[in-house]
1. For the stretch 91-113, which positions are polar (S, T, N, Q) and open to solvent by 10 Å² or more (accessible area, probe 1.4 Å)?
2. So the check is Cβ under 6 Å with 6+ separation or different chains; which pairs have a first residue in the stretch 273-285 that's surrounded by 10 or more Cβ atoms within 10 Å (Cβ to Cβ) and a second one that's part of a helix (DSSP H, G or I)?
3. Can you pull out the residues in the stretch 8-27 that are open to solvent by less than 10 Å² (accessible area, probe 1.4 Å) and assigned to a strand (DSSP E or B)?
4. Is it true that some residue in the stretch 133-148 is modelled with pLDDT of 95 or more, within 14 Å of ligand 1 (Cβ to nearest atom), touching a Phe, Trp or Tyr at 6+ places or on another chain (Cβ under 6 Å) and assigned to a helix (DSSP H, G or I)?
5. Does TYR141 satisfy the condition of being within 16 Å of ligand 2 (Cβ to nearest atom) and touching a helix residue (DSSP H, G or I) at 6+ places or on another chain (Cβ under 8 Å)?
6. Consider only pairs whose beta carbons are under 6 Å apart and that are at least six residues apart or on different chains; among these, list those whose first residue lies in the stretch 6-20 and is under 14 Å from VAL75 (Cβ atoms) and away from ligand 2 (no atom under 13 Å from the Cβ) and whose second residue is of a type in the set (D, E, K, R) and open to solvent by 10 Å² or more (accessible area, probe 1.4 Å).
7. Is it the case that ALA5 is outside any helix (DSSP H, G or I), farther than 22 Å from ARG291 by Cβ and small (Gly, Ala, Ser)?
8. Any idea which residue in the stretch 81-102 is farthest from ligand 2 (Cβ to nearest atom), counting only those that are touching a residue at least 60 places away in the same chain (Cβ under 8 Å) and within 18 Å of the chain's Cα centre (by Cα)?
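The values are calculated or read from the model by the stated rules, or taken from the named source; none is laboratory data. These figures come from a predicted structure and were not determined experimentally. Here the Cβ is made from the backbone with ideal geometry for all residues, glycine too, and neighbour counts use every protein chain on show. The area values use the complete protein model at the heavy-atom level, side chains included, leaving out ligands, DNA and RNA. Shrake-Rupley method; radii C 1.70, N 1.55, O 1.52, S 1.80 Å.
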Amino acid sequence: MRTVACVGAGVIGGGWVAHFLARGYRVVAWDPAEDAEERLRGLVEAAWPALTRLGLAEGASPERLSVAATLGEAVSGADFVQESAPERLDLKIGLLAEIDAAAPEHVVVASSTSGYSMSEMQVKADRPERLVVGHPFNPPYLVPLVEVVGGEATAPWAVEWASEFYRAAGKSVITMDQELPGFIGNRIQEAAWREALHMVDKGEATAEQIDLAMTAGPGLRWAFFGPCLTFHMAGGEGGMAHMLDHFGPSLKSPWTRLESPELTADLRDAMVRETDEVVSGRSTAELIAQRDRRLIAVMHALAEVDAAEEREAAQAGR
Ligand SMILES: NC(=O)C1=CN([C@@H]2O[C@H](COP(=O)(O)OP(=O)(O)OC[C@H]3O[C@@H](n4cnc5c(N)ncnc54)[C@H](O)[C@@H]3O)[C@@H](O)[C@H]2O)C=CC1
Ligand SMILES: C[N+](C)(C)CC(=O)CC(=O)[O-]
C-alpha cells in the first residue's frame, strides 16, 4: 500500500495530498483546473512546516507528489483513491463511475463528500462494492477525524479496509454502521451553524459574539471532552443522570430552533459582512497559519497531558 491517488485537489483534496505525503505515501493528484498544480504545490509547501513539527513518516517528502495529466493516469496505478471533487451529486455520480472504470478493480475508492450518501453516489459504478465515504474535516492534514460508511451496494470488506487504512495513515476513524445524511460530525456542527444563522438573521448576536461564545466557551472543552462527557461533568458528582434530572425540564425551553432559516440574500450578506469583521483583514494564508499553529498547540498540549496520565497510571499499576 504505497500510492494514493487524490482526485480533486482544492481545499480538501489538497489537504489530503499534504496528509498522505506527510505519512510517507507516494501521491498522484489530478484536478481539471488550469492552475490546480500550482495551487496544490503551494498548499503543500505552506502546510509542510506544520507537518514537520508534528512529525513526518520515514521518507516523507513533497517530492513524492506527482500531478497526472488525466484522471486515468492518476488512478490506474493507485492502491487507494480519495475523491474530493465539488459537492454536487450529479458530478460525484459521474466522477465515481469514471474512477471505478479506470482504477484497478480491487482498489477501494473513498469520497470526501460532506453529506451525500454513497448509496446515491455509487449508482453508475460497475463495481460499487468498493466505493465508500471517507469524510474528513478541514484541514485533513491536521484534524484527525474521518467518518467511514458504505452505501447499499458497498461490500463490508471495503468499509473495513478503508477504516484500517485510514488508521494506519494516522487518522482517527469512526466507522458508521448505517448511512446518515451529514454523518455525525457535520450533523452536530450543522445544528450549531443553523442556530448561528438564526441569531444573525434576527440581530440577536453578531458573528464576533457567536465565534467568541464558542472559542471561549464550549469549543474550548470540545477539544478534549465531547458534548456528552461535557454535560456529564455538568451533573457534578451525579454525572449525566443528575444533569438530565436537573436540566431535563429546561430541555423543552426554546433554546434552539433547529430548523434552518431561509438563507435570504440579506442573511447571507449579513453573515459575510459580520464574518469579515472577525477576519479583520487577515489573508487566508494568515488565517491558515494562525489556525494551524493553534491546532498544533492544542494537540501538543493534549498529548502532553495524555502522556503524563499514562505515566501516572503505570506508576499506580492501573
Ligand atoms: N471545504 C471543506 O471544509 C470540506 C469539504 N469536504 C468535501 O470535499 C469535497 C471538495 O470540497 P472542497 O475541497 O472544499 O472544494 P474546492 O472547490 O476547494 O475543490 C474542488 C476541486 O475539485 C476540482 N474539480 C472540479 N470538477 C472536478 C472533476 N470533475 N473531477 C475532479 N476534480 C474536479 C476543482 O478544480 C477544485 O480544485 C466536497 O465533496 C466537500 O463536501 C469535506 C470536508 C470539509
Ligand atoms: C462546511 N462543511 C460542511 C464542508 C464542513 C465539513 O464537511 C467538515 C469540516 O471540515 O468542518
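1. Restricting attention to the stretch 91-113, the residues satisfying the condition of being polar (S, T, N, Q) are 111-113.
Of everything in the stretch 91-113, just one residue is polar (S, T, N, Q) and open to solvent by 10 Å² or more (accessible area, probe 1.4 Å), namely SER112.
2. Hits for this filter: GLU274/ALA207; THR275/ALA207; VAL278/ALA207; VAL278/GLU208; VAL278/ASP211.
3. VAL27
4. No; the residues of the stretch 133-148 include none that is modelled with pLDDT of 95 or more, within 14 Å of ligand 1 (Cβ to nearest atom), touching a Phe, Trp or Tyr at 6+ places or on another chain (Cβ under 6 Å) and assigned to a helix (DSSP H, G or I).
5. On the way: within 16 Å of ligand 2 (Cβ to nearest atom): yes; touching a helix residue (DSSP H, G or I) at 6+ places or on another chain (Cβ under 8 Å): yes.
Answer is yes for this residue.
6. What qualifies is GLY8/ASP31; ALA9/ASP31.
7. Values: outside any helix (DSSP H, G or I): yes; farther than 22 Å from ARG291 by Cβ: yes; small (Gly, Ala, Ser): yes.
It is true that ALA5 is outside any helix (DSSP H, G or I), farther than 22 Å from ARG291 by Cβ and small (Gly, Ala, Ser).
8. Within the stretch 81-102, the subset touching a residue at least 60 places away in the same chain (Cβ under 8 Å) is 81-86, 95, 99.
When the remaining residues are screened for being within 18 Å of the chain's Cα centre (by Cα), the result is 81-86.
Numbers: VAL81: 19, GLN82: 14, GLU83: 14, SER84: 11, ALA85: 13, PRO86: 11 Å.
Among residues in the stretch 81-102 that are touching a residue at least 60 places away in the same chain (Cβ under 8 Å) and within 18 Å of the chain's Cα centre (by Cα), the one farthest from ligand 2 (Cβ to nearest atom) is VAL81.
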